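For reference, the structure is listed below as structure tokens.
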Protein chains: 2
Amino acid sequence: MKEFNPQVSAVEALGALAHDTRLSVFRMLVKAGPEGLIAGAIAQAANVPPSTMSHHLGILERAGLVESERESRLIHYRADYEGMRRLLAFLMQDCCQGVPEMCAELLGELNCNA
Amino acid sequence: MKEFNPQVSAVEALGALAHDTRLSVFRMLVKAGPEGLIAGAIAQAANVPPSTMSHHLGILERAGLVESERESRLIHYRADYEGMRRLLAFLMQDCCQGVPEMCAELLGELNCNA
DNA sequence: CAGATCATTCTATCATGCTCGAAATATCGA
DNA sequence: TCGATATTTCGAGCATGATAGAATGATCTG
């Protein structure tokens, strides 16, 4: 039986993002939106072999940061916004429970200017 | 000459937080506020030897997530809110430049309830 | 200055993670 | 069914990270 430990999930997600190639891929997918990108195109864009990229995408997926869906021979990867939200919420939670003033200030600077 | 690469800094910060002990310590320091905590107390609270904790604190400090200040024999560690803000801003930036609707929704759920 | 306290740095061992070619799997078109 | 395409899984070699005892550095007190 696999328990739900928010901190363990957060460590896994942070570890998934703590890699140059994987962080680039995640950002790429966030920008790509709901349509996502095809595995091969991601590997090509990041300039790494398909097998290496597959490994990285697996790590991001297991961490709950991306989702994949097969469409015939192609596999679409897209960012998992809910996973991202969980991670950010976990990090902010400490802030809110600790020093709300600083937390508020921090959130205030994070506005979308789009 | 050491260049400033936001992505490299982000990877370093994410890597620093991607460890159970270090994430616990960082949360602890965020909750502790500006006064921070003493190195020895942190090691004791996390139940790890001082040398191991010193190693972890060094990683967090080099990543720009905590600051240290000596006060006689004791060394105070406190969370670096500016470093945390930079990391979160970097992660949100992708979101904002990509799909602003999702970004806004995501930020909306991150309100301090304190 | 000597001894005690607090913390870091050193060093060695052990564990985990990254990379990528080769082989395997899945799907399509002829 | 056969060959081509897209992707993953496997396996091995290499690199990096974690851990903690011992030694070192910094500071206070008597």
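The values are calculated or read from the model by the stated rules, or taken from the named source; none is laboratory data. For clarity, every value in this text was computed on a predicted model and none was experimentally measured. Cβ atoms come from the backbone with ideal geometry, glycine included; neighbour counts cover every protein chain shown. Ligands, DNA and RNA are excluded from the accessible area calculation, which covers all protein heavy atoms including side chains. Shrake-Rupley method; radii C 1.70, N 1.55, O 1.52, S 1.80 Å.
Okay, helix-only estimate at 222 nm for chain A: each DSSP H run of n ≥ 4 adds -39500 (n - 2.57), divide by all residues, round to 500 deg cm²/dmol; what do you get?
-20000 deg cm²/dmol
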Accessible area per residue, Å², chain A with all protein chains present, probe 1.4 Å: 54
Could you pull the copy-to-copy label distances for A:SER68, with points set 7 Å along Cα to Cβ, in nm to one decimal and sorted shortest first? 4.2
Taking the dipole about the Cα centre of chain B, with the C-beta of Lys and Arg at +1 and of Asp and Glu at -1, give me whichever of B:SER72, B:ALA46, B:GLY108 is farthest to the positive side. B:SER72
What GluC sites (Glu not before Pro) does the range B:1-100 have in DSSP loop regions with at most 10 other beta carbons within 10 Å? B:GLU3
Quick one: with label points 7 Å out along Cα→Cβ, list the inter-copy distances for A:GLU105 in nm, shortest first? 3.2
The range B:24-114: which trypsin sites (Lys or Arg not before Pro) are DSSP loop and have at most 11 other beta-carbon atoms within 10 angstrom? B:ARG73
Roughly how tilted is helix B:20-32, in degrees to the nearest 10 and between 0 and 90, from the longest Cα axis of chain B? 90
Within 10 Å of the Cβ of an average residue in B:8-18, the count of other chain Cβ atoms is 5
Highest mean packing first, using Cβ neighbours within 10 angstrom, the peptides B:51-58, A:18-25 sort as A:18-25, B:51-58
Toy charge model, Lys and Arg Cβ at +1, Asp and Glu Cβ at -1: the range A:2-74 dipole around Cα centroid in debye, rounded to 20, equals 120
Mind checking B:26-37 for the average number of partner chain beta-carbons within 10 Å of each residue's beta-carbon? 3
Roughly speaking, to the nearest percent, how much of the range A:6-80's 1.4 Å accessible area is carbon and sulfur? 52
As a test of the definition: with a 1.4 Å probe, what buried accessible area, both sides summed, do you compute for B against A, in Å² to the nearest 100? 3900
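Return the average number of partner chain Cβ atoms within 10 angstrom of each residue Cβ along peptide B:86-96. Show your work: numbers first, answer last.
On the way: counts 1, 1, 8, 3, 2, 10, 7, 5, 9, 10, 7.
That average works out to 6.
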To check you understand DSSP bridge types, tell me what percent of the beta bridges within the range A:6-80 (both residues inside) are antiparallel, rounded to 5. 100
Report the gain in length on full extension from B:GLN97 to B:ASN47: 0.36 nm times residue separation, minus Cα-Cα distance, nm rounded to one decimal. 13.8 nm
Just to confirm the numbers: A:GLU82, label point 7 angstrom along the Cα-Cβ line, distances to the other copies in nm, shortest first? 3.9
Nearest 10 degrees, 0 to 90: helix B:6-17 Cα axis against chain B principal axis: 50
For the range B:1-82, which chymotrypsin sites (Phe, Trp or Tyr not before Pro) pass both filters: DSSP loop (anything but H, G, I, E, B) and at most 16 other C-beta atoms within 10 Å? B:PHE4
